[in-house]
Each structure stands twice: as C-alpha cells, then as structure tokens.
1. Can you report the number of residues in region 285-315 which are surrounded by 24 or more Cβ atoms within 10 Å (Cβ to Cβ), polar (S, T, N, Q) and more than 13 Å from the ligand (Cβ to nearest atom)?
2. Within the group Q36, Q5, which residue is closer than 20 Å to A269 by Cβ and surrounded by fewer than 18 Cβ atoms within 10 Å (Cβ to Cβ)?
3. Restricting the search to region 304-340, which residues are aromatic (F, W, Y) and not in a helix (DSSP H, G or I)?
4. Among E111, E115, which is the only one that is exposed (fewer than 15 other Cβ atoms within 10 Å of the Cβ) and within 28 Å of N221 (Cβ to Cβ)?
5. For region 1-77, list the helices (runs of 4 or more DSSP H) that sit wholly inside it and hold at least 3 residues that are touching a residue at least 60 places away in the same chain (Cβ under 8 Å); which are they?
6. Tally the residues that are part of a loop (DSSP other than H, G, I, E, B) and away from the ligand (no atom under 16 Å from the Cβ), restricting the search to region 221-238.
7. If you scan region 126-142, which residues turn out to be more than 15 Å from the ligand (Cβ to nearest atom) and either in contact with a Cys (Cβ under 7 Å, 6 or more places away or on another chain) or part of a helix (DSSP H, G or I) (or both)?
8. I'd like to verify a number: residues in region 239-267 that are within 15 Å of the ligand (Cβ to nearest atom) and of a type in the set (A, V, I, L, M, F, W, C), how many?
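Derivation of every value follows stated rules applied to the coordinates shown; laboratory data play no part. Everything numeric here is computed off the predicted structure, so don't read it as measured data. In this analysis, Cβ positions are derived from the backbone assuming ideal geometry, glycine residues included, and neighbour counts consider all displayed protein chains.
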Amino acid sequence: MNAQQLTDTANGLVAGDKGLLAMDESNATCNKRFAQLGIAQTEEARRAYRELIVTTPGLGESISGAILYDETICQKKKDGTPFIKVLTAAGIIPGIKVDTGAKDLAAHAGEKITEGLDGLRERLAEYAAMGARFAKWRAVIALGDDIPSRGCIEANAHALARYAGLCQEAGLVPIVEPEVLMDGAPTLERCRAVTEAVLHTVFDQLYTQRVMLEGMLLKPNMVLPGLAAPKQATVAEVAEATVTCLLRSVPAAVPGIAFLSGGQSSELASPRLNAMNVAFKSRAPWALAFSFARAIQQPALEIWHGEESNVAAAQQALYHRARCNRDARRGQYDAATERT
Ligand code: 13P
C-alpha cells in the first residue's frame, strides 16, 4: 500500500470547495430513472446520457471526482474518446462503484446485505489499471419498528471494512457509504440515533480491519426525518443534528465527509450542506462535502429527456447544480440563484 498516494487522492477529492458527482447508477437503476421519464432503456441511451455529463463545459470547476459504473468506465464518446480520458482532461478524478448490490439478508426480514467481496481483489486491480483512483461501496440500512437489527448493522459494517482494506491494498481510496434510508416516517431523533450507532460500528470494523483512515472518505446520509414523517425539520435543525452525530462518531483522521443526497430534492440538499458549512466549518475536523447523484443530476436528466437537441440546456442545469453545491461547501449558497 502506498500510504502517501492514498492520502493525496483522498485529500484531492475534498480539496478546496469541490465535491464528487455520483454517476454510478447500475444499469437497472439508470433504466428505472429513464423509464420514469419515458427515455429508451438501452445501452446507447445510457452512453449518450453519460457523454452529456462528462462533456459538460466547466464541470471540473466544481467537481473533483466522478464515480462511474462498470458499464460506464468502459464507454467512450461518440468520437471514440474514452470517458476516463475526458474526465481526466477536465481535472476530474475517475472512481468506480465496486459493490454488486444489496441482497436480502438471511433470517432478517426487510433488511439487506451488500455483496461483492468475491473476486474483488482482481476486479480492483483491473479498475486501477484502467485509471480509476478511488472506489465506492454502498451499504443500506432500513428503518422500521424493529429494524435495523444488530445483525444487519454488523454484517454491513464488516463488508464495508473488508472492501476498504482491499481498496487500499490496490492503491484505490475507498469511499465508505453506509446509507440509513429516509423512507417511511421515522423522526429526526431516531435517524440521528441509528446513524450514530451505524457509524460507531463501521469505524470499529475499519479499525479492526486496519484501514488507514487518512486514506479514505466517508459518504453518509444527512440526518433527516423520514420523507413521510409528519414533522419535517428546518435546514438549521438538519445541519445541527447531522454534524452533532458525525462529531460523536467519525474520527478526526478522516479527511472528508461527502454526503449522499438520498432522495432529497436538489433545492433542499444544497442549503442543508450550506448550513453545515456556515455553522460548523471552523469546528469540524473534516471537510463537509458532497457526493450527490440525484441532487446534481435530476434536473439535467429531466431537461435532456433523451433528446439530442436538449443536451446544451441539460448541461447548463448540471453545471448550475454542481456550482450550487460548490457554493454550499463555501457556506455561500444563495437560494435566490435558484430562481434566475
Ligand atoms: P444519491 O445522491 O442520489 O442518494 O446517490 C448517491 C449515491 O451514490 C448512492 O449510492
């Protein structure tokens, strides 16, 4: 393991005021999003959409790294230029999602375990040879009356730590993503308590598996009430609950925290991240950054709608959302710019 290289990459991904763009939807998830908008669910449509993203003018001003999917990392622009080359030329570090998805956890109704450890060492070596410098693995923790169980939290934390160790061995920075889902109606307080318990278990496992904290990033959920909770939270309450939870559970050696958006609207994710940086940047030992998929891409996807003639307008929307999140990292997001 080259510790300096890992630390440099991890720091580079959260340097300044940039963040990550997650464009690593599996084919099934990408097709689901396309189907909702009536876009053809073909390999060519997925390629054309990803070409739109990676060729967005000025994207590298706000985006430090892009997370790709197995199909995407091998794809090329129409003119034959590999996406990896396009991203690198734009100053964007390429990364790759390496888990193979969340499957039902035996004897734990309603709970999932993320798989993909078999053959991972070999796959990581291939991705590193293609130019990837970091990786991502997502664990999902559902909330319900009797869940999450200890069994689900521990199995997922163990898998995340095994994955992270293999990544560092291969010279790739692991992004460790334990996502507490915001479905249903749990309160903000319940989400905070569960997120804290999950993060404690994850960092215990990372320690046990000898993962170098300086060479990784954490990608957690924000602490939010469930989407169906009767009492929603203010921007300030979300910022306070999220950072309090992280201060209690994430070691200072971790260089950065890059949030997932988890189904929040774009117009909520940016001000919440902004509020965290306004109130806590001077106290937080790690960068408070973003690694959004939907909260950066969704407006652009809706404008594109599968039509070549909409590409420029969709790219403008993507650029705008990336810039809003860069502003949020600085604590300078202005909701007024959403309406211009
Ligand atoms: P969202 O920002 O849409 O939650 O996606 C982030 C991600 O990478 C999920 O694994």
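1. 0
2. After applying the criteria, what remains is Q36.
3. Once the filter is applied, which keeps residues that are aromatic (F, W, Y) and not in a helix (DSSP H, G or I), region 304-340 yields only Y333.
4. Among E111, E115, only E115 is exposed (fewer than 15 other Cβ atoms within 10 Å of the Cβ) and within 28 Å of N221 (Cβ to Cβ).
5. Of the helices (runs of 4 or more DSSP H) lying wholly inside region 1-77, those with at least 3 residues that are touching a residue at least 60 places away in the same chain (Cβ under 8 Å) span 3-13, 43-54.
6. Count: 8.
7. Answer for region 126-142, where residues must be more than 15 Å from the ligand (Cβ to nearest atom) and either in contact with a Cys (Cβ under 7 Å, 6 or more places away or on another chain) or part of a helix (DSSP H, G or I) (or both): E126, Y127, A128, A129, M130.
8. Number satisfying all stated conditions: 4.
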